[in-house]
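Structure, as structure tokens:
The values are calculated or read from the model by the stated rules, or taken from the named source; none is laboratory data. Note that the structure is predicted; figures quoted are calculated from it, not measured. Ideal geometry is used to build each Cβ from the backbone, glycine not excepted, and the neighbour counts take in all protein chains shown. Please note that ligands, DNA and RNA were not included when accessible areas were found on the heavy atoms of the full protein model with its side chains. Shrake-Rupley method; radii C 1.70, N 1.55, O 1.52, S 1.80 Å.
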Amino acid sequence: MKKWLAVILALAVLAFVFADGLFYLAGRWQEKTGRVKRALGIYSRLVKKYPRSRWVPGAKEAIKRLEESR
């Protein structure tokens, strides 16, 4: 039981530390599955919540590309 608790805690910490990357990957997934509106929302949230993230330039590029293709 203690091992599972440690694993869950470690995963929670990793999700918090890498949340910006998870936002970007979620946006990519939504984009690839044709959910453009959702992808735009996720990318926009990434830019707003984590403006200094290394994923922001890619998110901004994706936003521009998706808005132009509408």
| message | As I understand it, the value is the acute angle between the Cα axis of helix 56-68 and the longest principal axis of the Cα atoms of the chain; what does it come to in degrees, rounded to 10? | response | 40 degrees
| Lysine pairs meeting the criterion (Cα under 30 Å, 8 or more apart or interchain), as found in the chain | 12
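Multiply the residue gap between M1 and T33 by 0.36 nm, knock off their C-alpha separation, and tell me the result in nm, one decimal place. List each step's numbers first, then the result.
Working: separation 32, 0.36 × 32 = 11.52 nm, distance 3.75 nm.
Result for the pair: 7.8 nm of gain on full extension.
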| Relative to the present Cα-Cα distance, how much length would full extension add between S44 and L11 at 0.36 nm per residue of separation? | 9.4 nm
| Loop-located chymotrypsin sites (Phe, Trp or Tyr not before Pro) in the chain, at most 14 other Cβ atoms within 10 Å (DSSP) | F18
| In square angstrom, rounded to the nearest 10, how much accessible surface does K32 have for a 1.4 Å probe? | 150 Å²
| Share of the chain's accessible area from carbon and sulfur, percent, 1.4 Å? | 64 percent
| said: Which three numbers, in whole Å and largest first, are the semi-axes of the equivalent ellipsoid of the chain derived from its Cα gyration tensor as √(5λ)? | reply: 29, 13, 7
| message | Before I look further, what does the chain give for accessible area per residue, probe 1.4 Å, in whole square angstrom? | response | 82 Å²
| said: Treating only the Cβ of Lys, Arg, Asp and Glu as charged (+1, +1, -1, -1), what charge dipole size does the chain show about its Cα centre? Round to the nearest 20 debye. | reply: 120 debye
| note | Helix-only [θ] at 222 nm, the chain, -39500 (n - 2.57) per DSSP H run of 4+, per residue, nearest 500, equals -26500 deg cm²/dmol
